[in-house]
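J.: The structure follows.
The values are calculated or read from the model by the stated rules, or taken from the named source; none is laboratory data. Worth saying up front: this structure is predicted, and the values here are computed from it rather than measured. Reconstructed Cβ throughout: ideal geometry from the backbone, glycine too, with neighbour counts over all protein chains shown.
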Amino acid sequence: MVKTTISLIKADVGSVAGHSIPHPRMLEACRRILKEGVKNKTIKDFYVTRVGDDMQLIMTHDKGENNKDIHKLAWSAFLKATEFAKKYHLYGAGQDLLSDAFSGNVKGMGPGAAEMEFEERKSEPTVFFMADKTEPSAYSLPLSKIFMDPFTTTGLVIDARMQLGFNFEIQDVISHKGITLSTPEESYEALSLISDTYRYAIKRIWCKDEKIGVAAVVSTDKLNVSAGHYVGKDDPVAIVRAQSGLPAIGEILQPFAFPQLVAGWMRGSHYGAFYPCSVADSSPTYFDGPPRVCAIGFQICDGTIVGLEDPEKGESAIGEHIPLDYFEGSVWDVTRRQSMNISRYMRGHGPFMPGTLASDEMEYTTKPEVLKKLADRMKPLI
Ligand code: F6R
Ligand code: MG
Ligand code: MG
């Protein structure tokens, strides 16, 4: 049976005005390139969207993960968008394309990628998470609740297919080492690692039923490590498959009702509360944030994407899908209000911790220079 691959590749290659929103012509440039990709059969289908100043390319195909042609296609789309951003001096034009030449895989070159390959079940409801002004480990708390916590996912208790639990692939984002732990037996060991959101992040979650396979994947490409110096936030994405032996859509969304503190807001150096919102509402509007998270839903069908559009519209509509925008509705107002109260409280600390990150985690810091300048005046205390 032919397997389906979903590749969600994202980058920030410039925005209007400041680090806010990619120009519509940049999204259009990506769509044109990906349409070519469908016509020449590199990919089967695609959807282009954005969150804050980041662009996301959702692509479906049958070429597996880390495929050179797929990564090259995404790279070409970002390059085309960068051309426009550079021409009109948009802010941060080309910022996530760390190299001038494509080397076969976008990993380590700036863009972030979450990819999964699986055999399609009878029906494949899929959720795509996209965040701005934060880091990959921001998904660790909600994913732990979804796949490990029976007080969130009642299915872990009352659906026989889920009682076996899940395998968690955990990545040490600094050393680039990884480990797979089996839950529920090793839940405490898993939590002992991933609760350290600076160093560890969930990379993948596997269903123990091999017929189902991969359940979730997160982009864990740390820009600061791959670039050698910090050039922007990761602004991570994640893909989660749902239902029929996996957590239900409702169990997948519920943890986002808790506005957890995440790192990476304003100059990559502050803590703010996760703010679930629609794609349309995802432009940073308060202190370069707050850190936003969006969730959109599609069905995957024979390697193609099905949303609320008319799937029989024909060739002219390739790539034009209408997702379900989960965080759009009024249900999420209460979380948004709570999130803003927390973020405003955190801002009350100004440049003091814990409003800001610890100094060795900050994207911006002048501390080494200040210490150097003051070194002679720093005397032992009597
Ligand atoms: C960028 C971001 C922003 C910037 C800040 C300073 O994605 O989140 O908070 O870090 O606006 O940007 P520069 O140094 O470019 O003026
Ligand atoms: Mg930017
Ligand atoms: Mg961003």
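J.: Consider segment 28-53. How many of its residues are within 16 Å of ligand 1 (Cβ to nearest atom) and either within 15 Å of Lys72 (Cα to Cα) or aliphatic (A, V, I, L, M) (or both)?
T.: Within segment 28-53, residues that are within 16 Å of ligand 1 (Cβ to nearest atom) and either within 15 Å of Lys72 (Cα to Cα) or aliphatic (A, V, I, L, M) (or both) number 1.
J.: Sticking with this one: Scan segment 216-229 and tell me whether some residue there is part of a loop (DSSP other than H, G, I, E, B), at pLDDT 95 or above and surrounded by fewer than 22 Cβ atoms within 10 Å (Cβ to Cβ).
T.: Scanning segment 216-229 turns up no residue that is part of a loop (DSSP other than H, G, I, E, B), at pLDDT 95 or above and surrounded by fewer than 22 Cβ atoms within 10 Å (Cβ to Cβ).
J.: Now, a different point. Would you point out which residue out of Thr60, Thr82, Thr42, Thr49 is more than 16 Å from ligand 3 (Cβ to nearest atom), within 25 Å of Gly14 (Cβ to Cβ), among the polar types (S, T, N, Q) and buried (at least 17 other Cβ atoms within 10 Å of the Cβ)?
T.: None of the others qualify; the one that does is Thr42.
J.: Given the options Leu97, Leu143, Leu90, name the one that is at negative phi, of a type in the set (A, V, I, L, M, F, W, C) and more than 16 Å from ligand 3 (Cβ to nearest atom).
T.: Exactly one residue qualifies, and that residue is Leu143.
J.: Of all residues being away from ligand 2 (no atom under 16 Å from the Cβ) and under 16 Å from the mean Cα position of the chain (by Cα) in segment 1-29, which is farthest from Ser99 (Cα to Cα)? Just the residue, please.
T.: The residue in question is Ile6.
J.: Still on this structure: Output the residues belonging to segment 261-296 that are in a loop (DSSP other than H, G, I, E, B), over 16 Å from the mean Cα position of the chain (by Cα) and more than 11 Å from ligand 1 (Cβ to nearest atom).
T.: Once the filter is applied, which keeps residues that are in a loop (DSSP other than H, G, I, E, B), over 16 Å from the mean Cα position of the chain (by Cα) and more than 11 Å from ligand 1 (Cβ to nearest atom), segment 261-296 yields Ala280, Asp281, Thr285.
J.: In addition: Does segment 344-382 hold any residues that are in contact with a Gly (Cβ under 9 Å, 6 or more places away or on another chain), not in a helix (DSSP H, G or I) and not acidic (Asp, Glu), and which are they?
T.: Gly348, His349, Gly355, Thr356, Leu357, Met362, Tyr364
J.: Tell me, which residue of segment 92-138 that is of a type in the set (A, V, I, L, M, F, W, C) and not in a strand (DSSP E or B) is nearest to Phe46 (Cα to Cα)?
T.: Among residues in segment 92-138 that are of a type in the set (A, V, I, L, M, F, W, C) and not in a strand (DSSP E or B), the one nearest to Phe46 (Cα to Cα) is Val106.
J.: Find the residue count for segment 97-148, including only residues that are of a type in the set (Phe, Trp, Tyr) and over 15 Å from the mean Cα position of the chain (by Cα).
T.: Residues in segment 97-148 being of a type in the set (Phe, Trp, Tyr) and over 15 Å from the mean Cα position of the chain (by Cα): 3 in total.
J.: Filtering segment 345-374 down to residues that are without any contact (Cβ under 8 Å) to a residue 40 or more places away in the chain and among the β-branched types (Val, Ile, Thr), which residue is farthest from Leu261 (Cα to Cα)?
T.: Checked segment 345-374; the qualifying residue farthest from Leu261 (Cα to Cα) is Val370.
J.: Another question about this same structure. Can you name every residue in segment 145-163 that is under 14 Å from Phe258 (Cβ atoms) and either of a type in the set (A, V, I, L, M) or part of a helix (DSSP H, G or I) (or both)?
T.: Within segment 145-163, Lys145, Ile146 meet the criteria.
Every residue, every condition in (1) surrounded by 16 or more Cβ atoms within 10 Å (Cβ to Cβ); (2) within 16 Å of ligand 1 (Cβ to nearest atom); (3) modelled with pLDDT of 95 or more, yes or no:
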{"site": "Ser99", "(1), (2), (3)": "no, no, no"}
{"site": "Met116", "(1), (2), (3)": "yes, no, yes"}
{"site": "Ala131", "(1), (2), (3)": "yes, yes, yes"}
{"site": "Glu135", "(1), (2), (3)": "yes, yes, no"}
{"site": "Thr153", "(1), (2), (3)": "yes, no, yes"}
{"site": "Val157", "(1), (2), (3)": "no, no, yes"}
{"site": "Ala160", "(1), (2), (3)": "no, no, no"}
{"site": "Thr183", "(1), (2), (3)": "yes, no, yes"}
